[in-house]
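Take a look at the structure set out below.
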Amino acid sequence: KLARMDLDGARADFEAAVRDRPEDPAPRIDLARVLELQGEPHQAQVQLEQAVAADKANVAALGSLVAADVALGKTDEAVAALESAHAAFPANPVLLVALTDMYTRAGKPQKALDQLTPALRNVQTGTVSSNQGTMQSTTFLLLGAQVRAEMALGQHHQAADSLRRMLAIQSANVPLRVQLANQLAATGNLAEARSVLHDGLAQQPGNLALLTADVDVTAQ
């Protein structure tokens, strides 16, 4: 019904599902989508708040709630929802990244870094997981949030260091390599910027994105 834009019919069905399964966040998320389409964002927010209350680790519900809060200009409420979820599941890196990104968005990038620094240290010392793959993927995720906070603070050299660490994990990541080269060039480190790009071209000869970035840096 929702796919056919039968919003009234979809709403009735999702409301029935919510009544039948009040502790299940899934129908509340779907009901919130319908309410948004019907121009009732505040009612949608109520449903999403209840979905998150039922399952604080539900990333879909939390993401929808945060997006709704931001759309309504309720940044403090979005931060509070993420803080509550992170407090309930402190070992979940996705929740930590979402929280620290919201801090950065809310103009508090230093608070984001204060959260990310010990989290990265715990990952690197194996406190979170001893699995190498898990450690690397978690480190990459956290470093990405750290770069965004460092950029917001104008810490361009630190951001370049974080990008280097990310590239060491994913050396074939072309957008990341170009981002590092651009960051190095912006700080005046043109020689290393070209070196980073040439290392990428050695792995992927003829890659258009790398070639274009190389031309830009060479022009500088």
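The values are calculated or read from the model by the stated rules, or taken from the named source; none is laboratory data. As the structure is a prediction and not an experimental result, all values here were calculated from the model. Counting neighbours? That spans all protein chains shown, and the Cβs are built from the backbone with ideal geometry, glycine included. We work out accessible area using only protein heavy atoms, side chains counted, and drop any ligands, DNA or RNA first. Shrake-Rupley method; radii C 1.70, N 1.55, O 1.52, S 1.80 Å.
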Exercise. For region 167-207, taking Cα atoms only, what is the radius of gyration to one decimal and the Dmax to the nearest whole Å?
Worked result: 9.6, 26
Exercise. Given springs between every Cα pair under 10 Å in a Gaussian network model of the chain, which of Leu201, Leu113, Leu141 has the largest fluctuation?
Worked result: Leu201
Problem set entry | Descending Cα extents along the principal axes, region 42-147, whole Å | 44, 29, 17
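I want to verify the translational diffusion coefficient of region 88-138 in µm²/s; compute it with Stokes-Einstein, Rh as the Kirkwood radius over Cα pairs, at 10 °C and 1.306 mPa s.
In µm²/s, the coefficient is 139.
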Exercise. Using 7 Å Cα-to-Cβ label points, what is the Val70/Ala53 separation (nm, one decimal)?
Worked result: 2.4
Exercise. Based on the Kirkwood radius over alpha-carbon pairs, what is the Stokes-Einstein translational diffusion coefficient of region 1-77 at 20 °C with 1.002 mPa s viscosity, in µm²/s?
Worked result: 174
Seminar exercise, completed: Whole-percent carbon and sulfur contribution to the accessible surface of region 117-167 (1.4 Å, no ligands, DNA or RNA) stands at 52
Seminar exercise, completed: Relative contact order in percent for the chain (Cα pairs under 8 Å, 6+ apart) equals 9
Problem set entry | region 95-174 - accessible surface per residue (Å², probe 1.4 Å) | 48
Seminar exercise, completed: The whole-number value in µm²/s of the Stokes-Einstein translational diffusion coefficient for region 114-205, with Rh from the Kirkwood sum over alpha carbon pairs at 10 °C and 1.306 mPa s, is 115
Exercise. Counting Lys and Arg as +1 and Asp and Glu as -1, what is the net charge of the other residues whose Cβ lies under 15 Å from the Cβ of Ala152?
Worked result: +1
Seminar exercise, completed: Here the net charge surrounding Thr104, from other residues whose Cβ is less than 14 Å away from its Cβ (Lys, Arg +1; Asp, Glu -1), is +1
Exercise. How large, in percent, is the carbon and sulfur part of the accessible surface of region 1-94 at a probe radius of 1.4 Å?
Worked result: 53
Exercise. Which net charge results when you count Lys and Arg as +1 and Asp and Glu as -1 among the other residues whose beta-carbon is under 13 Å from that of Glu40?
Worked result: -1
